[in-house]
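Written out below as structure tokens is the structure these notes cover.
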Amino acid sequence: MEPIFTMQYGEFAVADYLAKKIKNSSVFIPASAQEKGIDLLLYRHKNGKNTTNTIQVKMSRTYNIERTNKKLPYLLWFNRFSVQENANWYVLVGIYAKLPDDVEAKVKSASWDTIMLAFTNEEMSKFMSEVKQKKNPLKDDKMFCFSFDDDKNIYQTRGYVEHRDMSKYLIENRLEQISNSFK
């Protein structure tokens, strides 16, 4: 029998990033998709104890909206979702083509990058409760989005009454919290 294993790119990107950045830990990938709310397991053995963090990954295609917003040319769209209580962390992922500044440059000169936002379960629950329509802030919005630039200045631009800075949730700004959150 040939071994066959596939996984979503977003899950791979998060697993690869955490494996490289969170010291003295390992990333496990469930062999079954049956467990709702868990895409990855971040594991650490310390002081004779096994500790884990469960991670749910959500991925969005990235849209280039440079023509309408030169300051924040990239856009991530997500559908509203239910927060699973068994996920310790939620990581929202987008992969995008960084286009060269030279408009005449060939497409081959584009490079790929990934942007990730990390939320604790509690933060994601609060965030989801705040995803509201701009026109009617009492009604839930069915979608939310983030706009960002090449320097990863990122703002929630749909699903909230005003644009709000989400830079504190960038995964690179959460590494210490993730590392210290093993249960």
Which one of these is under 30 Å from Asp140 (Cβ atoms), touching a helix residue (DSSP H, G or I) at 6+ places or on another chain (Cβ under 6 Å), among the hydrophobic types (A, V, I, L, M, F, W, C) and at pLDDT 90 or above: Ala87, Ala13?
Ala87
Taking segment 30-47, which residues are modelled with pLDDT under 90 and assigned to a loop (DSSP other than H, G, I, E, B)?
Pro30, Ala31, Ser32, Ala33, Gln34, Glu35, Lys36, Gly37, Asn47
So in segment 119-143, with the set limited to residues that are in a strand (DSSP E or B) and under 13 Å from the mean Cα position of the chain (by Cα), which one is surrounded by the most Cβ atoms within 10 Å (Cβ to Cβ)?
Phe119
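The values are calculated or read from the model by the stated rules, or taken from the named source; none is laboratory data. For clarity, every value in this text was computed on a predicted model and none was experimentally measured. Every residue, glycine as well, gets a Cβ built from its backbone with ideal geometry; the counts of neighbours run over all protein chains shown.
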